[in-house]
């Protein structure tokens, strides 16, 4: 659901679509990082330390580059999930990847369907400018 809402946050149509793409790519990279950690089967103490360490770059990049922030934010969320309720790491990773992809696709589709009704739609449309 969060991935579907992300494209609505952009200032104009191109940035809305870009936000959705950043969500998918950043999450995928974060899933790779998370897989590298979880497949090593670290103990609870290591997971807690990693959550604290990864939180800093997640917050640092959130305003400047959403996709890069998600590379760190995704492991923070998934490692905290594992700490609270351990499950099969591969299921956790696959579910998050699929949910994010579906959500972002839905969000981008909605943005494209209602683009003329969204704020900022008049300021930039994906059309060629009229010739002079």
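Picking from residues in region 1-45 that are part of a loop (DSSP other than H, G, I, E, B) and at pLDDT 90 or above, the one that is nearest to residue 104 (Cα to Cα) is 39.
Here residue 40 fulfils each of the conditions (1) within 27 Å of residue 15 (Cβ to Cβ); (2) without any contact (Cβ under 8 Å) to a residue 24 or more places away in the chain apart from (1).
Taken together, 104, 132, 122 contain a single residue that is modelled with pLDDT under 95 and within 12 Å of the chain's Cα centre (by Cα), which is 104. Scanning region 58-98 for residues that are out of contact with any helix residue (DSSP H, G or I) (no Cβ under 7 Å at 6 or more places or on another chain) and either surrounded by 15 or more Cβ atoms within 10 Å (Cβ to Cβ) or over 18 Å from residue 34 (Cβ atoms) (or both) returns 60, 63, 64, 65, 77.
The values are calculated or read from the model by the stated rules, or taken from the named source; none is laboratory data. Because the structure is predicted, anything quoted here is derived from the model rather than measured. Ideal geometry is used to build each Cβ from the backbone, glycine not excepted, and the neighbour counts take in all protein chains shown.
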